[in-house]
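Below: the structure, in structure tokens.
The values are calculated or read from the model by the stated rules, or taken from the named source; none is laboratory data. Just so it is clear, the structure is predicted and the values come from calculations on it, not from any experiment. FYI the Cβ positions are ideal-geometry reconstructions off the backbone, even for glycines, and counts take in every protein chain you see.
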Amino acid sequence: MLVVFGLMALFVLLTREMTLLDSHSFLRQRYAQIPWLMLAHGVPGALAIFLGVFQFSSRLRQRYLQLHRVMGRIYVGSVAISAPVSVAVAMALPLPTLFMASVIQAVGWVTTTATALYCVRTGKIQQHREWMMRSYPFAAVFVVVRAILPIPAIERMGVFGIATVVWSVIATACFLPSFVIAWQALAASRRAEKVRTAA
Ligand code: HEM
């Protein structure tokens, strides 16, 4: 799953985000009125999406706990800046159909991250891990949506295609982590049961 996500991120970076470096590109023209908002949204957003991946590595957590803590703080700070600013970006851009999608995504990202922070501060490590599993997909929506939109059949659907993809990916980010967490717990209890009956 990580490899597929990595390839999607690379595709989005090379085909879309690199055009931000060209001042005549469509995206730069689109954001010409709000360059500072876009920087305040995009830079911490990119930091969160990059650092978030490493936070799930058990090897990194076990060997370099201090690094995990520092990167975790940067992740939380990045979310606290990027998510609220994204709502201002959505308000400033002419895309009324997707304004509420941005609000839901931003609220989901902030509340899951804040809950993960609360859990680690109160020593609930397992719940902290689970809430981080719920937080990161809200960031991953950025990559997944932009990786799907260039599919020709979807591109041909126009605004309807964009709205369908954005809402479907946000909905998936909302339920998929809870589904994975529940199945991991079921598998763990089955393993424990087998060990008990074998003993
Ligand atoms: C709560 C989560 C997020 C929301 C609600 C959100 C919302 C938005 C919106 C509304 C736009 C303008 C799209 C348009 O041009 O019509 C945008 C653009 C952008 N966002 Fe986000 N975003 C989120 C997360 C992220 C993350 C995690 C990153 C990290 C890479 C990111 C980086 C960017 C960048 C670089 C742009 C400008 C280039 C582009 O549209 O591809 N955003 N975002």
Please determine, by comparing only the residues of the range 80-108 that are polar (S, T, N, Q) and out of contact with any Ser or Thr (no Cβ under 6 Å at 6 or more places or on another chain), which one is farthest from the ligand (Cβ to nearest atom).
-> Thr97
Is at least one residue of the range 175-189 of a type in the set (A, V, I, L, M, F, W, C), surrounded by 14 or more Cβ atoms within 10 Å (Cβ to Cβ), within 12 Å of the ligand (Cβ to nearest atom) and at pLDDT 95 or above?
-> no
Could you grab the pairs with beta carbons closer than 8 Å, sequence gap of 6+ or different chains, first residue in the range 140-152 and within 16 Å of Leu10 (Cβ to Cβ) and within 11 Å of the ligand (Cβ to nearest atom), second one of a type outside the set (Ser, Thr, Tyr) and not in a helix (DSSP H, G or I)?
-> Arg146/Arg16
May I ask you to list the residues in the range 63-90 that are among the hydroxyl-bearing types (Ser, Thr, Tyr) and crowded, with 17+ Cβ neighbours inside 10 Å?
-> Tyr75, Ser78, Ser82, Ser86
Matching helices (runs of 4 or more DSSP H) fully within the range 109-199 where at least 2 residues are closer than 29 Å to Leu95 by Cβ and under 14 Å from the mean Cα position of the chain (by Cα) = 125-148, 159-198
Elements of type helices (runs of 4 or more DSSP H) contained in the range 1-70, each with 3 or more residues being over 23 Å from Leu176 (Cα atoms) and near the ligand (Cβ under 10 Å from one of its atoms) = 26-30, 35-55
Hey, could you check the range 122-133 for residues that are in contact (Cβ under 8 Å) with a residue 24 or more places away in the chain and out of contact with any Gly (no Cβ under 9 Å at 6 or more places or on another chain) and say which is farthest from the ligand (Cβ to nearest atom)?
-> Glu130
Considering (1) among the hydrophobic types (A, V, I, L, M, F, W, C); (2) under 20 Å from Leu13 (Cβ atoms); (3) touching an Asp or Glu at 6+ places or on another chain (Cβ under 9 Å), say which one Ile181 fails and leave the rest.
-> (2)
When (1) within 10 Å of the ligand (Cβ to nearest atom); (2) farther than 17 Å from Gly42 by Cα; (3) not β-branched (Val, Ile, Thr) are applied to Cys119, the one that fails is (1)
